[in-house]
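Remarks on the structure that follows.
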């Protein structure tokens, strides 16, 4: 009996689980049955990548959170679309802020010695002492 159990543990069995969802990249996500004899309190979760040997790829944040057990239910298509639109808006606003910041901070003026001349620093000692009072 022990030898049979050991032999069956070495066999590579295809994972049995139900298909929970699919993402926009073509990955399929599965959830296995809960094993009542295991110390784990949650069901096993995994994904099958679009290309069989491509395990080093980016996953959508919602699906990764579901795989790692940080969320109970798998993400819905509506939730993923909403998050993608929010990410697009943030990308556009970030580009606007970056363009505005580049306009405000131009290259500092340099002196003849090659050091930058910045308005926040004193050139002569005590130059800003009267402004502190």
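Only residues that are farther than 18 Å from residue 18 by Cα and surrounded by fewer than 11 Cβ atoms within 10 Å (Cβ to Cβ) were counted in the stretch 43-70, giving 8.
Report yes if residue 17 is in contact (Cβ under 8 Å) with a residue 40 or more places away in the chain and surrounded by 12 or more Cβ atoms within 10 Å (Cβ to Cβ), otherwise no.
Values: in contact (Cβ under 8 Å) with a residue 40 or more places away in the chain: no; surrounded by 12 or more Cβ atoms within 10 Å (Cβ to Cβ): yes.
No.
Could you tell me whether any residue of the stretch 71-89 is touching a strand residue (DSSP E or B) at 6+ places or on another chain (Cβ under 9 Å), modelled with pLDDT of 85 or more and exposed (fewer than 11 other Cβ atoms within 10 Å of the Cβ)? So that I can check it myself, show each step before the final result.
Quick first cut of the stretch 71-89, residues touching a strand residue (DSSP E or B) at 6+ places or on another chain (Cβ under 9 Å) only: 74-77.
Going one step further and asking which of them are modelled with pLDDT of 85 or more, we end up with 74-77.
Subset that is exposed (fewer than 11 other Cβ atoms within 10 Å of the Cβ): none.
No: zero hits.
The values are calculated or read from the model by the stated rules, or taken from the named source; none is laboratory data. Computed from a predicted model, the values in this text were never measured in an experiment. Methodologically, a virtual Cβ is constructed for each residue, glycine included, from the backbone with ideal geometry; neighbour enumeration extends over all protein chains shown.
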